[in-house]
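All remarks here apply to the structure that follows.
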Ligand SMILES: Cc1ncc(COP(=O)(O)O)c(C=O)c1O
């Protein structure tokens, strides 16, 4: 075993990649492709290090990382074994390839996604907006102006519902999107994420259902998990949540809340057309269900503006709770978001939960954000963001056409940050493709992360916003090579190699 392994491990001592990472890569590939079967005992770190002529610390670090990934486990006194996959294999006498797929569960996936943080990897995986053109100088001037104007009040506690002038400015900003509300109905939050969490906590109790599209924003799944509510995915078509499936669920389960991210959605980039929005609102009203609308990407259109938000279409005013913020369009790290809730009972509950969580959203950030909005900086900044994102989208689409094999399916995003890709079902899963992509120093988000029920094995999400067109092109070249490594001899994909 030791001699065979030592002969197979292709260590490159001149490479920039540390030896321990080369080892991780080797063992991962061997485990994922079934060369190292579940239950196989790995050589002791001391022996392997000696045989390879490397420091023991490299082997120990590699074994530790593989253990964190759930691919091996150490048993004191007995040795280190290929594992994780073994439990599935034992319970499920399926071909090793299938067993491998099933073993890559959500937890392992999240661990795997950490590999994207290695230096030199082009990361299409994260959900962040581009950071290279945040308005640093304008924001510095806004902070200075606030400190000059407000003095100590700018760094004291703020009212828990938020700085009133910011709530007024938000009301004005929203009215330009067709949303009419009063400042008293707006609660300033720590980003849209806290807004969503407050809605969940104030409407639901542990054990309740929350409907989500399938796939959906991973942040709502995280919230569901920690708040102990049960996400139930509603199947989607090209226009978003399917009405027939939704109505069946409404009849059967009477859920109280549905989460929707209807415009340039994360992860699919999809936008729900106007007629579907109206139909969903009607169903929600008919079955007495509230809608939690997440509108963080609403303004990021590259062609036509998005249809009106559900909140703008909600004539009753009480069906939609609208969560959004300034992260995706302006300044993610200031954590300024908001939720609009017409219903006083819901608003009161949210306020109590918010106070218990953090007393108030940081005062200086709120006031500086207000100053930035009051000085009229947002429209020009938004134009700039859209312009740059459109160029990155165009580069992504061009690179996808050029480098992705034809059997991978994707749609041109018309706004937002994401390209959603579907892989053919007779090839590698997205998790398997991800492992080879990492070896080629490029990363994406594995699609099953976004599925409440763990489906989506053959889907992946690419965030094109974080990189320049040149880096995007290079990233897709690497994806092409990674794909080719799975498809030696596959004639349909060959012309694109
Ligand atoms: C759909 C969606 N909603 C909410 C958030 C969180 O936004 P914020 O940074 O304002 O908390 C994100 C961030 O990725 C997102 O993609």
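Where a number appears in this text, it was derived from the coordinates with a stated rule and is not lab data. Please read these numbers as outputs of a predicted model, since none were measured by experiment. Every residue, glycine among them, receives a Cβ derived from its backbone with ideal geometry; neighbour counts consider all protein chains shown.
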- Note on the structure: Here the percent of antiparallel bridges among DSSP beta bridges lying wholly in the chain, to the nearest 5, is 60 percent
- Item | Span from the the range 172-211 Cα centroid across to the the range 401-465 one, whole angstrom | 31 Å
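For 369, 32, which order do you get if you count the other beta carbons within 10 Å of each Cβ and list the fewest first?
Numbers: 369 28, 32 22.
Taking fewest neighbouring Cβ atoms as first place, the list is 32, 369.
Taking 1 over the mean of 1/r across every pair of different Cα atoms in the chain, what Kirkwood radius in Å do you get?
Numbers: mean 1/r = 0.0406 Å⁻¹.
About 24.6 Å for the chain.
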- Computed FRET efficiency, Cβ-Cβ of residue 153 and residue 110, R0 41 Å: what is it to the nearest 0.05? 0.50
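Decide, for the range 158-241, between rounded, prolate and oblate: order the square roots of the alpha carbon gyration tensor eigenvalues as a ≥ b ≥ c, take rounded if a/c falls under 1.5, and otherwise choose prolate if a/b is larger than b/c, else oblate. Don't skip to the end; give the middle numbers.
On the way: a/c = 2.90, a/b = 1.55, b/c = 1.86.
The shape class here is oblate.
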- Note on the structure: With the range 136-376 reduced to its Cα atoms and the Debye formula applied, log10 I(q)/I(0) at q = 0.07, 0.13, 0.14 1/Å amounts to -0.22, -0.76, -0.88
- Item | Degrees between helix 430-439 axis and first principal axis of the chain (Cα, 0 to 90, nearest 10) | 70 degrees
- Message: Using Cβ contacts closer than 10 Å as the measure, can you line up 143, 210 from fewest to most?
- Response: 143, 210
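May I ask you to derive the FRET efficiency for residue 57 and residue 485 from their Cβ-Cβ distance with R0 = 25 Å, giving the value to the nearest 0.05?
0.25
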- Message: Report the gain in length on full extension from residue 118 to residue 352: 0.36 nm times residue separation, minus Cα-Cα distance, nm rounded to one decimal.
- Response: 80.1 nm
- Per residue, the convex hull enclosing the alpha carbons of the range 2-94 has a volume in Å³ of 98 Å³
- Message: Could you tell me how far the Cα centroid of the range 1-43 sits from the Cα centroid of the range 255-283, in Å?
- Response: 46 Å
- Message: I want the antiparallel fraction of DSSP beta bridges within the range 195-313, as a percent rounded to 5.
- Response: 15 percent
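What does DSSP give for the range 181-247 in terms of the percent of beta bridges that are antiparallel, rounded to the nearest 5?
Details: 2 of 8 bridges.
Percent antiparallel among DSSP bridges in the range 181-247 is about 25.
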- Residues residue 230 and residue 315, FRET efficiency given R0 of 25 Å [Cβ-Cβ distance, rounded to 0.05]: 0.25
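How do 3, 184, 474 rank when sorted from fewest to most other Cβ atoms within 10 Å of their own Cβ? Before the final figure, lay out the partial values.
Numbers: 3 9, 184 13, 474 16.
In order of increasing Cβ crowding within 10 Å: 3, 184, 474.
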